[in-house]
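Peer 1: Take this structure, written in C-alpha cells, and hold onto it; I'll ask about it next.
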Amino acid sequence: MERLVDYFEHIPSLHRSLILVGGIAIFWLIESAVPLFNFSLTGSGYRKIPHAGINIFFTLTTVLVNFLLAFLLLRTSDWTIRHQVGLLQWLSLPLWAEALIGLLSLDLIGAWLPHWAEHKVKFLWRFHVIHHTDPYVDTTTANRHHPGESIIRFAFTLLAVLLVGAPMWLVFLYQALSVLLSQFNHANIELPRWADRLLGLFIVTPNMHHVHHHYVLPVTNTNYGNIFPYWDRLFGTYYEMAGKDIKYGIDTHPESHEHSQVGSLLKIPFSNYRPPVGEPPQG
C-alpha cells in the first residue's frame, strides 16, 4: 500500500497522460473487435475517425481546463492537511481504509453529485447536454464535455477534496480511476450477463452506464455513477435496460448538424433552452 501511495504522490505528468491515451487506445481496440452496435450499418453516415475527432477536441479542452486549475486542487489539499480539515483528517485510519473511504467519498461528491445536479438544474444541464448529444456512444464519448461543464465539474471536485480532506496522492489515484472507468463504461461493448453482474458489484459497467445515454426521459435521469455503482441504488436512480433497446443521443437535439459540429456544440449552452420531448406515442 505504501508503494501505491508513493507512486501517486509523485506520479509524473507523462504517466497521467499515458493513462488517458492508453485507456482510449485499449478500449478503442476492444470495441472495434466486439462492438455492441455497428454504427456504420445504421445508414446514418457514421464515420469512426471524424466522430472521434469531435470527442477528442472536447477531451483536449477538458485536459486544458484541469491543467490550468490544477494548482487550486494542490493548494486545497495542502490546506486540509495543514489545518486537519475534512473527513479523513478527523479519522485515524490505516492506509487501505483511508484509500477506500476516500475514493468512495470523492466519487460521491466529485462525480455522482455534480452529474445528478446537471440533470436537475437547467443552467447546468445547458452545458451537460453536449455530452448527451452523441448518437454514437463509445470510449471517446467519456470526455465529451463542454469547457463550461469541465469548470463546473472541477468546482465539485474541489469541494470534494475540501470535505474529504484528501491528500494529493488520493486525488491523483481518484482521477486515474475516474478516467479509466469512464472510458470503460462508455465503450461500445456489452459484457456477458455473468461478467456484468460480477463486475457490477464493484464498479460501474458499460451495461449500466449505456442506459443513462438513452435518448429520452425518464431513462436519461438514471445511472449517474462513474466509478462505484452504489450511489444509484442507494438514492433510487438505478435502472436496467437491455442494450439492444437503447437509442443514443438526446431528443432535444436530434439533427446531425446539432451534434456533429464543434461550433454548434459550443453554442448550445448559450441558446434557448429546449425542454425534453419525451417518448413518441405508440401506435
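The values are calculated or read from the model by the stated rules, or taken from the named source; none is laboratory data. This is a predicted model, so every value here is computed, not measured. FYI the Cβ positions are ideal-geometry reconstructions off the backbone, even for glycines, and counts take in every protein chain you see. We work out accessible area using only protein heavy atoms, side chains counted, and drop any ligands, DNA or RNA first. Shrake-Rupley method; radii C 1.70, N 1.55, O 1.52, S 1.80 Å.
Peer 1: Quick one: the Cα spread of the chain along its three principal axes, in angstroms, biggest first?
Peer 2: 62, 44, 37
Peer 1: Near K122, which lysines are there with a Cα under 27 Å away, not counting those fewer than 8 places off in the same chain?
Peer 2: K122 reaches K247, K267.
Peer 1: Based on Cα positions only, what radius of gyration and what Dmax would you give for region 147-283, in angstroms?
Peer 2: 17.0, 57
Peer 1: How about K120: which aspartates and glutamates have a C-alpha closer than 16 Å to its C-alpha, ignoring those fewer than 8 places off in the same chain?
Peer 2: E149, D232
Peer 1: Can you tell me the orientation of helix 95-107 relative to the chain, as the angle in degrees between its alpha-carbon axis and the longest Cα principal axis, to the nearest 10?
Peer 2: Here the helix axis deviates by roughly 40 degrees.
Peer 1: Could you quote the convex hull projected area for region 38-153, Cα atoms only and averaged over all directions, in nm²?
Peer 2: One quarter of the hull surface, i.e. the mean projection, equals 9.6 nm².
Peer 1: By accessible area of protein heavy atoms, probe 1.4 Å, what ranking do R16, R126 get, highest first?
Peer 2: R16, R126
Peer 1: On to the next question. Below 8 Å, C-alpha to C-alpha, sequence gap of six or more: please give me the relative contact order for the chain in percent.
Peer 2: 24 percent
Peer 1: Take region 142-208, compute every pairwise Cα distance, and split them into 5 Å bins from 0; I just need the percent in each bin.
Peer 2: 3, 15, 18, 20, 18, 14, 8, 3
Peer 1: Still on this structure, I have one more. Net charge around S40, counting only other residues with Cβ within less than 10 Å of its Cβ (Lys, Arg = +1; Asp, Glu = -1)?
Peer 2: Within the 10 Å Cβ shell, the charges total +2.
Peer 1: Return the long-range amide H neighbours of V204 (sequence gap of 5 or more, or a different chain), with a cut-off of under 5 Å between placed amide H atoms.
Peer 2: Under 5 Å from the amide H of V204 lie the amide H atoms of F228, each far enough along the sequence or on another chain.
Peer 1: Per residue of region 250-255, what does 6.51 cos²θ - 1.76 cosθ + 1.60 with θ = phi - 60° give for ³J(HN,Hα)? Whole Hz please, x for Gly and Pro, Karplus curve as stated.
Peer 2: Going residue by residue, I get 9, 5, 7, 9, x, 6 Hz, with x marking Gly and Pro.
Peer 1: Moving on. Assign one of three labels to region 67-213, namely rounded, prolate or oblate, based on the Cα gyration tensor with a ≥ b ≥ c the square roots of its eigenvalues; rounded applies when a/c is under 1.5, prolate when it is not and a/b is larger than b/c, and oblate otherwise.
Peer 2: Oblate, because a/c is 1.5 or more while a/b does not exceed b/c.
Peer 1: Quick one: accessible surface of Y7, probe radius 1.4 Å, all protein chains present, in square angstrom to the nearest 10.
Peer 2: About 90 Å², rounded to the nearest 10.
Peer 1: Within the chain, what is the longest stretch that has no GluC sites (Glu not before Pro) placed in a DSSP loop and near at most 13 other beta-carbon atoms within 10 Å?
Peer 2: No qualifying site falls inside 1-239, the longest such stretch.
Peer 1: Let me ask something else. Once phi is turned into ³J(HN,Hα) by the Karplus curve 6.51 cos²θ - 1.76 cosθ + 1.60 with θ = phi - 60°, what whole-Hz value does each residue of region 129-140 show in order, with x for glycine and proline?
Peer 2: Result, ordered by residue: 4, 4, 5, 8, 6, 5, x, 10, 4, 8, 4, 6 Hz.
Peer 1: Report, ordered by chain and residue number, the lysines lying within cross-link reach of K244, taken as a straight Cα distance under 24 Å and ignoring same-chain residues fewer than 8 apart.
Peer 2: In chain and number order, the partners are K48.
Peer 1: Applying the Karplus parametrisation 6.51 cos²θ - 1.76 cosθ + 1.60 with θ = phi - 60° to the phi angles of region 15-30, what ³J(HN,Hα) value in whole Hz is obtained for each residue in order, glycine and proline being reported as x?
Peer 2: Result, ordered by residue: 5, 5, 5, 5, 4, 5, 5, x, x, 4, 4, 5, 6, 4, 5, 5 Hz.
Peer 1: Bin width 5 Å, origin at 0, all Cα-Cα pairs of region 73-125: what percent of pairs per bin?
Peer 2: 4, 17, 18, 22, 15, 11, 8, 3, 0
Peer 1: Please give the per residue accessible area of the chain, computed with a probe of 1.4 Å over protein heavy atoms only, in Å².
Peer 2: Accessible surface, normalised per residue, equals 50 Å².
Peer 1: Let me ask another. Hey, if you put +1 on the Cβ of every Lys and Arg and -1 on every Asp and Glu Cβ in region 125-214, which of W169, H131, H209 ends up farthest toward the positive end of that dipole?
Peer 2: The one lying farthest along the dipole's positive direction is W169.
Peer 1: I would also like to ask the following. Quick query: amide H of I189 versus all other amide H atoms, modeled in the peptide plane; which residues come in under 5 Å with a sequence gap of 5 or more or a different chain?
Peer 2: L36
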